[in-house]
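The values are calculated or read from the model by the stated rules, or taken from the named source; none is laboratory data. Quick caveat: nothing in here was measured; it's all calculated off a predicted structure. Neighbour counts run over all protein chains shown; Cβ positions are idealised from the backbone, glycine included. The protein model used for the area step is the full one, side chains on, heavy atoms only, and it has no ligands, DNA or RNA in it. Shrake-Rupley method; radii C 1.70, N 1.55, O 1.52, S 1.80 Å.
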Amino acid sequence: MVDRRQEERRLQRREKLTTALLVKISVWAVSIVILASAITFITTYSNARDRVIRVLQQDLSPTLERNQALFNRIEKNAVILSDEFLSQYSLLKGSNSAVENFKTWYQETSPGVFRLKPDFNGGVSVNQRYFQHLSVFLGPRPSPISNELRKRVVAAQYTLNELAPAWQNDVANTHFSMPENILLMYSKDSPWGLLADKGLVITDFSVVKSTLQSQNPERKPNWTGLYYDISADVWTITYQKPVDLDGRHLANASFDVGLGSLLSDLTERKRANSEHMVLNTKGDLIAASNMSQEAIAKRSTLNSKTYSEPLYQAVSQLVADNVFNEKSVILEDGVEGQLLIVDKMDGPGWWHVTLYPLREIRQQAIALPLQLVAGGVGLVILILLMAYWLIQREVSKPLHEVAVVASLMGQKNYQEALSHRAASIKARGEVKQALDAFKTMAARFISAQNELEQQVEARTAELAEANKQLDALAHMDGLTGLFNRRAFDRDLNAAIESGKSYYLMMADIDEFKPYNDNYGHDAGDSALKKIAHCIRDKTPMKVYRYGGEEFAMIIPATESIEKKLNELREAVMTLAIPHDYKQAELPILTLSMGAARIQENEAAADAIRRADRQLYQAKRAGRNCVFVEPQ
């Protein structure tokens, strides 16, 4: 009984020891997790908040960049328009044909008022030129129309007719205004020059007036404010570039930008709780996501006196009271409860303001820190459980065995104690073996992981090479080894977009169908390959199989195109592939070729159509020849 009580006391002391150890570990672990959680929350919250704001800016970026690019493009096009006008004006200054054309094309619709005849709006061919969508208004002026003014008007008319159609997708109207109360317009929607009131003096209104030398001595281009075009029934802004020569104001190259789709794009909500506003430099509201375009159009530009909506009032006051030197500004204290992203839009000088509730940002930003803290707490709890389990196995049980052995020794039961001790030593040896096994397992795992990574890297490289080969196969013609139609479409669009000068050549094997019908398709395939290889070997440029027996090439305009094509045609003739079933005299396979210079910004289909037209002329001219579209 005494021995049993002594053993129980030893076990109780051992339990108190392990309990105290667990309590100390728990206290330290809780302290560390509290400290780590606080640090993690502070650092990650700020980063997460910044990340949410960056995402908001990334949502806005495509819209702002797209519309800013439109304004920049319009300003560059105005330079092109004015330069071409000066070029046309210089050509016509010494010619009297422009004066005669003016007298023929323009009619006096009321005393002192001249307009371009309506045929030029509906579409008419004159002197090998085709005019359409043009209208001109020459309003009352203090002095008669001089021959110089007639030439200037015709020069502007020529310029609009040549350039304006290319810009109709960017702008509503393209026009020239002149200080002599004259406006020439290219518009598919409205023949303004035919509708303008006979007593209208355009220089009395702020749009054209702002370009006069008396009002604009610096001769700076300008964007007008938002205004309502009565004749077109639209809200618009206008960009104007004064065109002067030798200190004399000749005209203004200008564009009207319709605001319907533009403002809808700028105010479209990027997120459910976001609001977007467009304001001018005075803080007046141009458009807003929480107000329809029809409502704004009915009330014109809204300001803080005519529109009492609280959110707008706060933003308007902020824009009016502050000078923002940066193009994009982020404010958290500008409007209560809202994050503001204020972006400057160059050109019209608008402010694009995005408002997003700070509460939403905090909720999104706090999610990651809370997840990290929860993960840390869970990890500590798991570690404590593991520590408890390990202490039970590695401390409590060994101490229990020691107590048992001690009790046996106290009872002088040495044989049993010896055997027990041996069992305990064996257990400790197994723990060591387990640790060694874990080390060995870890080494093997690391080795296996490295081997797996090498295999993945090798497989990735093989896959990349296979994808590269697959891409090449996707753009090659399987029969001839030439580039295929897909590659042709890709390269033709790239050539058009590059802005460089190229010729597009289309070629066709003459009377190939009778060849196929009489010699068989195998012979036809063989002939196709021979001709394809011949063309490819004779030029460093890409050769495409356009389809069937048709080939195509995209040739830099620096090449002597007609000479080059005739060399290729003659090379095919030297193959002397027999064709006894031709209608033409030469009993061998030959090529007909047609080529046309690719025009800037034209559609690929139009370039192909013009090259085909030359090919058809070569066919009609007897085949086995080359036709190049004249410049």
Per 10 angstrom bin, beginning at 0 and ending with the bin that holds the maximum distance, the Cα pairs of the stretch 145-225 fall in percents of 15, 43, 38, 3
With N residues in the stretch 119-175, Rg(alpha-carbon) / (2.2 N^0.38 Å) equals 1.26
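Using 0.36 nm per residue, how much length does the chain from Ser498 to Lys209 gain when fully extended, once their Cα-Cα distance is taken away? It would help to have the intermediate numbers written out before the result.
Working: separation 289, 0.36 × 289 = 104.04 nm, distance 3.91 nm.
Difference between extended and current length: 100.1 nm.
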Largest first and rounded to whole Å, the semi-axes √(5λ) derived from the alpha carbon gyration tensor of the stretch 478-518 read 29, 13, 6
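When the expected Rg is taken as 2.2 N^0.38 Å, what fraction or multiple of it is the alpha-carbon Rg of the stretch 82-135? Don't skip to the end; give the middle numbers.
Values: Rg = 12.5 Å, N = 54, 2.2 N^0.38 = 10.0 Å.
Against the empirical 2.2 N^0.38 Å value, I get 1.25 for the stretch 82-135.
Using square roots of five times the C-alpha gyration tensor eigenvalues, list the equivalent-ellipsoid semi-axes of the stretch 484-631 in whole Å, biggest first. Walk me through the intermediate numbers first.
Working: eigenvalues 140, 47, 37 Å².
Equivalent ellipsoid of the stretch 484-631: 26, 15, 14 Å, largest first.
Carbon and sulfur together cover what percent of the accessible area of the stretch 60-135 at a 1.4 Å probe radius?
Its accessible area is 49 percent carbon and sulfur atoms.
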Here, the stretch 462-566 modelled as identical Cα point scatterers in vacuum has Debye log10 I(q)/I(0) at q = 0.11 Å⁻¹ of -0.40
Per principal axis, largest first, the Cα atoms of the stretch 531-584 extend in Å by 38, 23, 19
Sorted largest first, the C-alpha extents of the stretch 101-242 along its principal axes in whole angstrom are 39, 38, 26
By the Kirkwood definition, with r running over pairs of different Cα atoms, the stretch 589-630 has a hydrodynamic radius in Å of 10.4 Å
Straight-line reach check, Lys530, cutoff 13 Å on alpha carbons, 8 or more apart in-chain or any other chain, hits among aspartates and glutamates -> Asp522, Glu549
Per the 1/(1 + (r/R0)^6) rule, R0 = 60 Å and r from the Cβ atoms of Trp28 and Arg486, FRET efficiency to 0.05 is 0.35
Reduced to Cα centres, the span from the stretch 318-380 to the stretch 457-527 in Å works out to 52 Å
Per the Cα gyration tensor, the stretch 549-616 corresponds to an equivalent ellipsoid with semi-axes, largest first in Å, of 27, 14, 8
